[in-house]
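Read the structure below first, then the notes.
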Amino acid sequence: MQRKGKIINIVSNIFYVEINEQVYKCTSRGKFKEKELKPVVGDNVIIEIDNEVGNIIEIVDRKSYIKRPKMANITQLILVISASNPEPDLLMLDKQLAFAEFLNIKPVIIINKIDLNLDMADKIEKIYSKIGYKVIKTVAKEKKNIEQIKEMLKNNISAFSGNSGVGKSTLINSIFTRDTTIEGEISNKNKKGKNTTTSVKLYKIEKESYIADTPGFSNFDIFEIPYKELYKYFKEFNYFNNKCEYLDCTHIKEEKCGIKEALQNNEISQIRYNNFKKMYEELKDKEEHKW
Ligand code: GDP
Ligand code: ZN
């Protein structure tokens, strides 16, 4: 019998495939259409079930792919920063936003710990909501505004990312309730696996809604972006680069540059522009010193 399911976990060549709340242990002995293709967490697969044991025979509908950690079909990246303790790291946020745009995955920003510095939270919200990003301000510790996050998770496969200490575990724990998970609590697993694991598991929160338990993305992963393309992934820059004098404008050293003009007119945030420059230099350096 053939059925379609989703890989939610992989442990040493055993694939855990979920079909309507039921999890089948599967092997993958199939040869897939594209030779290089290997099933990863998040993949939708066709399995052949024989006596409760499944074999993956086909990978279908891969809509997005992240290399590290390997996962497919993530539809939403939830980027978490804190208003204070640790201080908001907007360079990291801009790196992750650009990475999300590069991967063509929708980013959402959560500013947590607004109880510690609401002014800061409002300031950051203003910058990013102006660009068109969804921003949710939370106090994870008190489950404040968690409903908004739950709403946003519906019909998505979401991965959380953010620096250590910003409150990701607290947020995820406040979203989960015991009876909505397939495999118990995410909390302990999340804590144990933090920074050490590179594997991913999907946790189902409701029908068609999953959270990926990932260690997040490091600087290293973000370095996949070619530096000459970086401006494309600063979403708001695309409204202004038609005014640049040169087609291959770097938006850094040129005099007549639409981005710099927009910066002068306060249409582009100085913080975002500074982070763009920093990232540009870092990526360029990396590319030029590559062997
Ligand atoms: P993670 O490393 O991103 O998973 O962060 P944790 O969830 O472990 O949280 C780090 C610390 O911040 C813990 O001591 C939490 O109790 C605390 N914390 C989490 N959310 C909030 C919040 O909204 N406000 C405040 N003041 N503290 C919080
Ligand atoms: Zn320019």
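The values are calculated or read from the model by the stated rules, or taken from the named source; none is laboratory data. Every value quoted in this text rests on a predicted model; they were computed, and no experiment measured them. So basically every Cβ, Gly included, is an ideal-geometry build from the backbone, and we count neighbours across all protein chains shown. Accessible surface areas use protein heavy atoms only, side chains included; no ligands, DNA or RNA. Shrake-Rupley method; radii C 1.70, N 1.55, O 1.52, S 1.80 Å.
Entry comment: accessible area of the range 12-91 is 55 Å² per residue, from protein heavy atoms only and a probe of 1.4 Å.
Database remark: amide H of MET71 closer than 5 angstrom to the amide H of ILE66 (H placed geometrically; neighbours at sequence offset of 5 or more, or on other chains; Pro and chain starts carry no H). Note on TYR280: accessible area is roughly 20 Å² with a 1.4 Å probe, heavy atoms of protein only. For the chain, the longest principal axis of the C-alpha atoms and the axis of helix 118-131 are separated by about 90°. Overall, the accessible surface of the chain at a probe of 1.4 angstrom is composed of carbon and sulfur to the extent of 48 percent. If you take the alpha carbon atoms of the chain and fit the smallest convex hull around them, that volume is 149 Å³ per residue. The H on the amide N of PHE160, modeled in the peptide plane, is under 5 Å from the matching H of ILE78, ALA212, THR214, each at least 5 residues off or on a different chain.
Percent relative contact order of the chain, based on C-alpha pairs within less than 8 angstrom and at least six residues apart?
Values: 517 pairs, mean separation 41.3, N = 291.
With pairs under 8 Å counted, the relative contact order is 14 percent.
Working note: 222 nm ellipticity from helices only, DSSP H runs with n ≥ 4, each -39,500 (n - 2.57), summed and divided by the residues of the chain, gives -8500 deg cm²/dmol to the nearest 500. In the structure shown, the pairs LYS106/LYS130; LYS137/LYS207; LYS67/LYS232; LYS4/LYS63 are assessed against 18 Å; a Cα-Cα span above that value is assigned to LYS137/LYS207; LYS67/LYS232. Our summary gives the range 199-257 a relative contact order of 18 percent, counting only alpha carbon pairs under 8 angstrom and 6 or more residues apart. 3J(HN,Hα) along the range 276-286, derived from phi through the Karplus expression 6.51 cos²θ - 1.76 cosθ + 1.60 where θ = phi - 60°, amounts to 4, 4, 4, 5, 4, 5, 4, 5, 5, 4, 4 Hz, with x in place of Gly and Pro. Per-residue Karplus couplings for the range 241-250, computed as 6.51 cos²θ - 1.76 cosθ + 1.60 with θ equal to phi - 60°, are listed in order as 6, 5, 8, 6, 5, 9, 4, 9, 3, 8 Hz, Gly and Pro entered as x.
Taking Cα atoms only, the orientation of helix 90-103 departs from the longest principal axis of the chain by about 60 degrees.
Under 5 Å between amide hydrogens, built in the peptide plane, is the criterion, and for LYS134 it picks out ILE109 among residues at least 5 positions away or on other chains.
Cysteines in the chain lacking any other cysteine Cβ under 4.7 Å from their own Cβ: CYS26, CYS257.
Determine the per residue accessible area of the range 104-148 with all protein chains present and a 1.4 angstrom probe, expressed in square angstrom.
Values: 2470 Å² over 45 residues.
Ligands and nucleic acids excluded, the result is 55 Å² per residue.
Counting only heavy atoms of the protein chains and using a 1.4 Å probe, SER28 has close to 40 Å² of accessible surface.
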